[in-house]
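The values are calculated or read from the model by the stated rules, or taken from the named source; none is laboratory data. Remember, it's a predicted structure, so these values are computed and weren't measured experimentally. Note: ideal-geometry Cβ built from the backbone for every residue, glycine included; neighbour counts use all protein chains shown.
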Ligand code: ACO
Ligand code: ZN
């Protein structure tokens, strides 16, 4: 499922350099035409401004004062922080973020209108500042009960458990709002794989003796059933869905327990929903 106008567009960027990383974009992104097709696009990892020329980029770096995303730090534990950015207040940053993330998302139309969204930026801190690892966006008002619009882990940080951290955080916000939530559809292939893995892992942990899974997780009943079906952990019995602990559930639980993964600590979240 690709957005129609962009199906035929060729990938227009070669290499992106950000901080100490060089990455190759996966898909077309609507950077201005004079920017595209250069050998390397230099992106400031703090303000996300982009430069076609290394000299210009270096000049910018001597002037740029940002050391973290331009918003409120609403979560901090160890070296991990989340910053909340309002699309209406930080248009430039959010547009630059959308341009960057479009390089790795094929199925979404890019929103130039960032006003209706909040952006939650996951960072890792060192002596130089808070470096962006990934983010998710969220509509300020979602008619469809979506608690996440777009999610991205920058390629240099993928498969290290940060996708789970982003997803868990999106549900912590839903819990604070007293709501259920679900990611915006359609999901990309990687989005579906990651959400399915995440829902399954969380549910498997809770499965024993819990009847109100939706309440505990803020997952919608539909997403719960989806994950449980994929685990082969649901039986329809006497007109009712029942959870069964299949071999696969137990196996998955043991595999998951072996991984050393970062978790969001809800007590470190300093955030109240805006009314
Ligand atoms: N191949 C197979 N399984 C995968 C892959 C992959 N390439 N990537 C993730 N998974 C599954 C695995 O089960 C993985 O667990 P494991 O590594 O322990 O096996 C699990 O998902 C979660 O992996 P994380 O390391 O926590 O997730 P990551 O930081 O890599 O981020 C994300 C996942 C955000 C989907 C990332 O792949 C990404 O940014 N992709 C490009 C953008 C995108 O497609 N976003 C989703 C669009 S849908 C939407 O926005 C609503
Ligand atoms: Zn900058």
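May I ask you to list the residues in the range 117-152 that are more than 16 Å from ligand 2 (Cβ to nearest atom) and part of a loop (DSSP other than H, G, I, E, B)?
127, 140, 141, 142, 143, 144, 145, 149
Taking the range 229-267 only, how many residues are modelled with pLDDT of 85 or more and touching a strand residue (DSSP E or B) at 6+ places or on another chain (Cβ under 8 Å)?
Result for the range 229-267: 3.
Has the range 120-128 got at least one residue that is free of Cβ contacts under 8 Å to residues at least 40 places away in the same chain, crowded, with 21+ Cβ neighbours inside 10 Å and touching a strand residue (DSSP E or B) at 6+ places or on another chain (Cβ under 6 Å)?
The answer is no, given that none of the residues of the range 120-128 is free of Cβ contacts under 8 Å to residues at least 40 places away in the same chain, crowded, with 21+ Cβ neighbours inside 10 Å and touching a strand residue (DSSP E or B) at 6+ places or on another chain (Cβ under 6 Å).
Can you run down the residue pairs with Cβ atoms below 6 Å, 6 or more apart or on separate chains, where the first is in the range 34-52 and within 27 Å of residue 125 (Cα to Cα) and the partner is within 16 Å of ligand 1 (Cβ to nearest atom) and in a loop (DSSP other than H, G, I, E, B)?
That search, which allows pairs on different chains as well, returns 41/13.
Take the residues of the range 12-30 that are touching a residue at least 24 places away in the same chain (Cβ under 8 Å) and outside any loop (DSSP other than H, G, I, E, B): which is farthest from residue 134 (Cα to Cα)?
Checking each candidate, the answer is 15.
Results for (1) within 16 Å of ligand 1 (Cβ to nearest atom); (2) in contact (Cβ under 8 Å) with a residue 24 or more places away in the chain; (3) assigned to a loop (DSSP other than H, G, I, E, B); (4) at negative phi, shown as yes or no for each residue.
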position	(1), (2), (3), (4)
186	yes, yes, yes, yes
199	yes, yes, no, yes
222	yes, yes, no, yes
241	no, no, no, yes
253	yes, yes, no, yes
257	yes, no, no, yes
261	yes, yes, yes, yes
273	no, yes, yes, yes
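List, please: which pairs have Cβ atoms under 6 Å, are six or more places apart or on different chains, and start with a residue in the range 99-116 that is within 16 Å of ligand 2 (Cβ to nearest atom) and end with one that is modelled with pLDDT under 95?
Filtered contacts from the range 99-116: 99/29; 99/31.
For the range 226-261, enumerate the residues that are surrounded by 15 or more Cβ atoms within 10 Å (Cβ to Cβ) and closer than 25 Å to residue 162 by Cα.
Answer for the range 226-261, where residues must be surrounded by 15 or more Cβ atoms within 10 Å (Cβ to Cβ) and closer than 25 Å to residue 162 by Cα: 226, 227, 228, 231, 249, 252, 253, 256.
Under 12 Å from the mean Cα position of the chain (by Cα) and more than 23 Å from residue 108 (Cβ to Cβ): does that describe residue 161? Outline the logic, then answer.
Numbers: under 12 Å from the mean Cα position of the chain (by Cα): yes; more than 23 Å from residue 108 (Cβ to Cβ): yes.
So residue 161 fits the description; yes.
Would you say residue 140 is away from ligand 1 (no atom under 15 Å from the Cβ) and within 30 Å of residue 25 (Cα to Cα)?
Against the criterion (away from ligand 1 (no atom under 15 Å from the Cβ) and within 30 Å of residue 25 (Cα to Cα)), residue 140 qualifies.
Quick check, is residue 192 closer than 29 Å to residue 43 by Cα, at pLDDT 95 or above, surrounded by fewer than 21 Cβ atoms within 10 Å (Cβ to Cβ) and more than 16 Å from ligand 2 (Cβ to nearest atom)?
Against the criterion (closer than 29 Å to residue 43 by Cα, at pLDDT 95 or above, surrounded by fewer than 21 Cβ atoms within 10 Å (Cβ to Cβ) and more than 16 Å from ligand 2 (Cβ to nearest atom)), residue 192 qualifies.
Of the conditions (1) in contact with a helix residue (DSSP H, G or I) (Cβ under 6 Å, 6 or more places away or on another chain); (2) within 15 Å of ligand 1 (Cβ to nearest atom), residue 161 clears all except one; give me its number.
Evaluating residue 161 over (1) in contact with a helix residue (DSSP H, G or I) (Cβ under 6 Å, 6 or more places away or on another chain); (2) within 15 Å of ligand 1 (Cβ to nearest atom) leaves (1) as the failure.
Away from ligand 2 (no atom under 16 Å from the Cβ) and either on the phi > 0 side of the Ramachandran plot or within 13 Å of the chain's Cα centre (by Cα) (or both), is that true of residue 203?
no
Could you go through the range 137-145 and let me know if any residue there is buried (at least 16 other Cβ atoms within 10 Å of the Cβ), closer than 27 Å to residue 36 by Cα and modelled with pLDDT of 95 or more.
Among the residues of the range 137-145, at least one is buried (at least 16 other Cβ atoms within 10 Å of the Cβ), closer than 27 Å to residue 36 by Cα and modelled with pLDDT of 95 or more, which makes the answer yes.
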